[in-house]
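Everything below concerns the one structure shown next.
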Amino acid sequence: MAIIKTENLTYVYGEGTPFRKVAVDDVNLEIEEGEMVGVIGHTGSGKSTLIQHFNGLLQATSGKIFIDGEELTKDKGKLRDVRFKVGLVFQYPEYQLFEETCYKDIAFGPKNMGLSDEEIDKRIRETVKLVGLDEKLLDKSPFELSGGQKRRVAIAGVMAMNPKILILDEPASGLDPKGRDKILGLIKEYHQEKKNTVMLVSHSMEDVAKNASKILVMNKAKLFCYDDTEKVFHRADELTEMGLAVPQITRVFNRLKAMGVDINDDVYTVKYGTRLLLDILNKKQHPDL
């Protein structure tokens with residue numbers, strides 16, 4: 001069963017005004033439970049508007065949304081429960097830290113769920129390990145931490161609610177390369193351990209290619225495609241036409257193919273590209289293998 005499903009989902013900003021704009025246009029989508037989904041699209045494509053529907057922050061102008069089999073807009077009284085089920089981490093989440101200590105900040109969500117102090121404490125300590133922070137930092141003010149540590153505390157606050165769906169909007173934005181790799185690596189580890197559905201919104205094709213098993217592409221408010229990562233990057237020319245740059249490694253191998261090099265597979269990660277090149281070179285050196 002799909003954990004997220006939309007039927008003819010449409011959202012219009014400024015309806016009835018001269019500033020009317022369709023931000024999400026007739027989107028039909030099904031995302032299976034446990035998927036790691038990359039969400040990409042140029043600025044203004046509708047990707048951020050789309051994800052804000054999944055925890056009820058935005059109400060659809062028309063169409064339906066189902067979360068874990070339940071229609072989201074059917075009973076507005078259940079929106080609070082849905083928001084515990086769908087955790088949304090906005091871009092630069094560290095700006096939303098406000099408590100005296102990291103412990104209290106991470107505890108904020110679980111506490112609002114009505115959990116016992118014992119369960120809250122357990123979740124905090126489990127989540128701190130998941131995001132790679134030392135427990136000694138829990139008694140410190142979040143404002144004493146580095147930028148990367150603050151972001152991990154903010155993400156931990158959402159993870160501690162143990163949502164069935166975790167959506168992160170540009171979680172590595174503004175970080176240096178080391179911090180970027182750290183955050184994305186932790187998110188991937190979280191997905192592998194929890195087996196929950198994770199949606200990663202990013203403008204970086206390299207990040208999406210490295211971490212996502214499926215990719216959702218938005219273009220001009222419409223769903224361009226939702227498919228396996230390799231199948232999406234197989235449509236490199238179409239992605240380029242809509243202003244999206246496929247990973248550099250994909251462009252390199254597409255050029256090699258055009259030059260006549262015998263490469264059957266689509267390449268979208270450096271790791272796989274390296275292995276493929278070594279295999280090609282090895283076969284040239286040892287043609288009988």
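Below are the figures for this structure:
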quantity	calculated
Answer residue from the stretch 40-57, given it is of a type in the set (A, V, I, L, M, F, W, C) and more than 17 Å from Lys222 (Cβ to Cβ) and is nearest to the chain's Cα centre (by Cα) among those	Phe54
Lone unmet requirement of (1) within 12 Å of Met199 (Cβ to Cβ); (2) at pLDDT 95 or above for Asp26	(1)
One residue from Leu79, Leu88, Leu72 being modelled with pLDDT under 90 and touching a strand residue (DSSP E or B) at 6+ places or on another chain (Cβ under 7 Å)	Leu72
Residues located in the stretch 142-177, provided they are farther than 11 Å from Pro93 by Cα and charged (D, E, K, R)	Glu144, Lys164, Asp176
Qualifying residue in the stretch 141-150 (condition: modelled with pLDDT of 90 or more and more than 27 Å from Val201 (Cα to Cα))	yes
Glu30 under 14 Å from the mean Cα position of the chain (by Cα) and within 22 Å of Val232 (Cβ to Cβ)	no
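The values are calculated or read from the model by the stated rules, or taken from the named source; none is laboratory data. Just so we're clear, the structure is a prediction, and the values are computed from it rather than from any experiment. Don't worry about glycine lacking a Cβ; one is built from the backbone with ideal geometry, like all the others, and counts go over all protein chains shown.
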